[in-house]
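Inspection log for the structure reproduced underneath, given as structure tokens.
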Amino acid sequence: PTQLHPNPMLAYDADGVLRREEGRDRESEVRRMAAVEEAVCDRVLEAGWARTWAAFAAGSVSPAPGPVRNSLLLQREEPRDGLLLEQQKTRGHYRLVSAETWRLICELYPGSGPEIR
């Protein structure tokens, strides 16, 4: 028989479906994020994801946020030369993080992206 983790957590998968996630360690994840030394913050992080992760990290009933969906911030017209933020998107729609923080987020939340500088 399959044994369940005594403290399963909820998390969104890459398709946005809320699932039970066995063995996810909130405290360890928060420590790893806090240990990242912020250098030059030049990577874009969708603000809604940042808010959801902050609620998750604070220990509220919020599930882990799932992959970052930075595509919400992209211009959708073709042709496109690189990844450009929509002109209507203001600083309130995104946060800036360091390259190291972005790498850690991608490690913890596979399928995150795209990376926007």
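The values are calculated or read from the model by the stated rules, or taken from the named source; none is laboratory data. What you are looking at is a predicted structure, and each value in this text was computed from that prediction instead of being measured. Backbone-built Cβ (ideal geometry, glycine too); neighbour counts: all protein chains shown. When the accessible area is computed, the model is the full protein with side chains, heavy atoms only, and any ligands, DNA or RNA have been set aside. Shrake-Rupley method; radii C 1.70, N 1.55, O 1.52, S 1.80 Å.
Restricting VAL30, VAL17, VAL36 to those that are at pLDDT below 90, among the aliphatic types (A, V, I, L, M) and in contact with a strand residue (DSSP E or B) (Cβ under 9 Å, 6 or more places away or on another chain) reduces the list to VAL36. Pairs are defined by a Cβ separation below 6 Å, a sequence spacing of at least 6 or placement on different chains, a first member in the range 93-113 that is farther than 12 Å from VAL68 by Cβ and in a strand (DSSP E or B), and a second member that is of a type in the set (Gly, Ala, Ser) and open to solvent by 20 Å² or more (accessible area, probe 1.4 Å); the pairs so defined are SER98/ALA39. Take the conditions open to solvent by 90 Å² or more (accessible area, probe 1.4 Å) and modelled with pLDDT of 90 or more and apply them to ARG103. Does it pass? Spelling it out, ARG103 is indeed open to solvent by 90 Å² or more (accessible area, probe 1.4 Å) and modelled with pLDDT of 90 or more.
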